[in-house]
Amino acid sequence: MAKVTFNELAINNLNDFVYGHAPKKIKFDNGMVIGGGTVYPEVNFTLPPMQVNKNTISKAYKQYKEMTEGVCQRAMELQVPGLVIEIELVPDMTFNPEWGIETTKIVKEVMNEYQDKNGLKSLLRITPVDVREGNDLEHMWRGKHWDLVMDTFKGCAENGADLLSIESVGGKNLHDDGVMFCDVAKTVFSLGIVAARDMEKLWENIVKIAEETNIIPAGDTACAFANTSMVLAVRGMIPTVFSAIDRVMCAVRTMIANEQGAIGPDKDCGYEGPYIKAITGTPISMEGKSAAVAHNSFCGNIAAAVADLWSNEAVENKRLLGGMTPEICTEMLVYDCRLMNQFTASGNNLLMRDMLVESDSRLDAHAYIMKPSVVLNIAKEIIKGKTHLERTKIAAKAAVQEIRKGFENGSLELNERELNYLNMIDSQLESIPDNEEEFIADMIENNTTEKFDPKKYDIA
Amino acid sequence: MDREILNELTVALQKGDAIKTQKFVKIALKKGYEPEQILTEGLVSSMNTIAEKFKKKQIFVPDLLLATRAMNAGIFILKPKLKKQLFSPIGKVLIGTIEGDLHDIGKNLVKVFLERAGFEVIDLGNDVPVNYFIEAIKKFKPQILGLSASLTTTMYGMRDVIKALEKEGLRENLLIVVGGVPITESFATGIGADIYDMDGTKVADKAKEKLKCYNF
């Protein structure tokens, strides 16, 4: 598929920017339409504490079968209009693609059974682990690690996956350093150059696999990037303004999947999703309050404001009073979605959206940059950039301005420590040279370490 | 001698300005301050203030890291002039993420806190096989081993490392600290670890306390 550059917003009007509706809705043969007006639950579950190896893999398969049965049964009882199940393969299931493929088959078989016998419409998203890390990594785009990721995608695509996603990690090590020091130049370099180049190569190949197998290349997430910032900010380790600005920069990176042909719904943990939807028009999956089983955030309600799928992130299989955790999460998501869809049915979806927004946006900078009006303001600046680097810098600058504006007009509360960092980030942005080659040369000179070898990205 | 230059040094370090920290260390030396005085009254006392502020959540991790970097820059100037080695580590820690686990920012943060507390930390990185831990313990002879896991499917790898240590006769003189998102107190105790806290910032203090009770 030819590369697309998004130079216009797909959504220009705030009233068109609402949960359940996406300009580029996706229709499936089973009748589900994502982005067509209905928000569906996306349930994600994983193994309880256990090792996965050749001695235990059959137990792991059994767990997945039982979890899928539990989720489908609960979804059927609650009369969902449709369900998405996501399996984020554990690392061993990408290091051993045959295990990931077998898991895909097992989960899909249960889903098919419920669809055939009970009319439960469902779709399966498979997310292999991006294992391209470690001391023995030869290169990001060739060699053993790359082959494992691609073999897993291909095998899962051929054996039951409907949607393909990944939490890709190109540039992550550099970004981690950038976050720890709130080093804006390093963060911009990691996202706008390193991660951007990796996303192009990675998604070109994922889209190709999806086309060959006639399934959906769904999208990526900045989980390894802005979610690290977000969680550190929630724990008070870094300023929330940094995590907010990082999130907006990450939107440029995640959108590269769409430029290469991904059509959504992007990954649930990509809290940059509203930017992807505004710019590309593709539907998005989001997570928030019902993902507190996996991690904390300060944006649990606002995350739902423009979601097309509503997810729990991931829950490990455990028994609680209400049943097994995947079933409990299913129920929580179903009720969240039912309420949102009922607001839509009664013509009040914008009211619901605005309540979700207003309940969070004032209290945290990261929540604030997810406010639909703010997203549209920043998104229309991002698309003016000609390169990924330029777009990343524009994203950061526009986010700084919007956050400052929000604070000044009383829409966002920030303390002095946060404001100091906002000023610091602003001045760091100013110091980044406009000349891309000069910037890259400087960054490579100062950041080539054991953890980041530019040659593995063909940069240098 | 007036203390103005030491005050300026303090401000530079607390702002995390490595260049100015070095500049004021050089000026202080020219003014005739003893290197030991610059170290203790200029660098170490400022760093202690920073560490206290961090504990009280008055500053962020980047402030702590930048101040540490500035302090090290100052020490770099002072080191050749110090009459004796004032900094001997309070202990040696070997740290790494369990095999199959590629997440390491939590481990990296704990490393920062341990170093700040005065430990020498040897970082084996992430995705570390059991035999690498064993070989590294034989080679570096640490008092403490730190194991990190962020996945429910890798956390039991910690138990494998501990079992392997027992088999090799290396467990006895070693404190083991474990951490990571899925790790709980009962899990840590169950696999035979000595130190755990869900808050990574508290691990260094616990390790310090525990180490005092042993004579490794």
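Please treat every number below as a calculation from the coordinates, not as lab data. Because the structure is a prediction, the values reported are computed rather than measured. In this analysis, Cβ positions are derived from the backbone assuming ideal geometry, glycine residues included, and neighbour counts consider all displayed protein chains.
Observations on the structure shown:
- The mean sequence distance of close C-alpha pairs (under 8 Å, at least 6 residues apart), as a share of the length of the stretch B:91-212, puts its relative contact order at 28 percent.
- The phi-based Karplus calculation (6.51 cos²θ - 1.76 cosθ + 1.60; θ = phi - 60°) puts the 3J(HN,Hα) values of the stretch B:193-201 at 6, 9, 9, 8, 8, 5, 9, x, 5 Hz, whole numbers, x for Gly and Pro.
- Other protein chain Cβ atoms within 10 Å, averaged over every residue that makes up A:168-177: 2
- Size of charge dipole - chain A - debye, nearest 20, with Cβ of Lys, Arg +1 and Asp, Glu -1, no other charges: 780
- Residues whose amide H falls under 5 Å from that of A:S122, counting only those 5 or more places apart or on a different chain, are A:L83, with hydrogens built in the peptide plane.
- Cα gyration tensor shape for chain B, rounded if a/c is under 1.5, else prolate or oblate: prolate
- Averaged over the residues of peptide B:147-160, the number of Cβ atoms from other protein chains lying within 10 Å of each residue's Cβ is 4.
- The local environment of A:P49, defined by Cβ-Cβ distances under 11 Å, has a net charge of +1 under the rule Lys, Arg +1 and Asp, Glu -1.
- Each part gets one Cα centre, and for the stretch A:308-381 versus the stretch B:1-80 those centres are 47 Å apart.
- Going from the residue with the fewest nearby Cβ atoms within 10 Å to the one with the most, A:E204, A:E418 rank A:E204, A:E418.
- Whole-Hz couplings from phi, Karplus 6.51/-1.76/1.60, listed for the stretch B:125-136; x for Gly and Pro: x, 10, 6, 9, x, 3, 5, 5, 4, 4, 4, 5
- Distant-in-sequence amide contacts of B:I59, defined by a placed amide H-H separation under 5 Å and a gap of 5 or more residues or a different chain, comprise B:F54.
- Of the DSSP H helices in chain A, those with a Cα length along their own long axis of 18 Å or more and a mean Kyte-Doolittle hydropathy reaching -0.5 comprise A:144-158, A:240-259, A:325-345.
- Within the protein assembly as shown, percent of DSSP bridges classed antiparallel, to nearest 5: 15
- Here r is the Cβ-Cβ distance between A:T56 and A:Q115 and R0 is 35 Å; the resulting FRET efficiency, rounded to 0.05, is 0.75.
- Chain A shape via C-alpha gyration tensor axes, a/c threshold 1.5: oblate
- Residue-wise HN-Hα couplings along the stretch B:101-113, as the Karplus relation 6.51 cos²θ - 1.76 cosθ + 1.60 with θ = phi - 60° gives them from phi, are 10, 9, 8, 9, 5, x, 4, 5, 5, 4, 4, 4, 5 Hz; Gly and Pro carry x.
- Once the Cα-Cα distance is subtracted from the 0.36 nm per residue extended length, the A:E430 to A:R142 segment shows a gain of 100.0 nm.
- Ranking B:M47, B:L6, B:N72 by Cα position along the charge dipole of the stretch B:4-81, where only Lys, Arg, Asp and Glu carry charges on their C-beta atoms, puts B:N72 farthest toward the positive end.
- With an a/c value of 1.5 or above and a/b larger than b/c for the gyration tensor axes a ≥ b ≥ c computed over the alpha-carbon atoms, the stretch B:4-81 is described as prolate.
- Between the amide H of A:A314 and those of A:A294, distances stay under 5 Å, these residues lying 5 or more places away or on another chain, with hydrogens modeled in the peptide plane.
- When Rg and the Kirkwood Rh are both derived from Cα coordinates, the Rg/Rh ratio for the stretch B:91-212 amounts to 0.91.
- Alpha-carbon centroid distance for the pair the stretch B:155-170 / the stretch A:84-129, whole angstrom: 34
- Mean separation of Cα contacts under 8 Å (6+ apart) over length of the stretch A:14-435, as relative contact order %: 19
- Each peptide among A:356-363, A:2-9, A:302-309, B:168-175 gets the average number of other Cβ atoms lying within 10 Å of its residues, and from highest to lowest they stand as A:302-309, A:356-363, B:168-175, A:2-9.
- Average beta carbon contacts from partner chains per residue of B:106-113, 10 Å cutoff: 2
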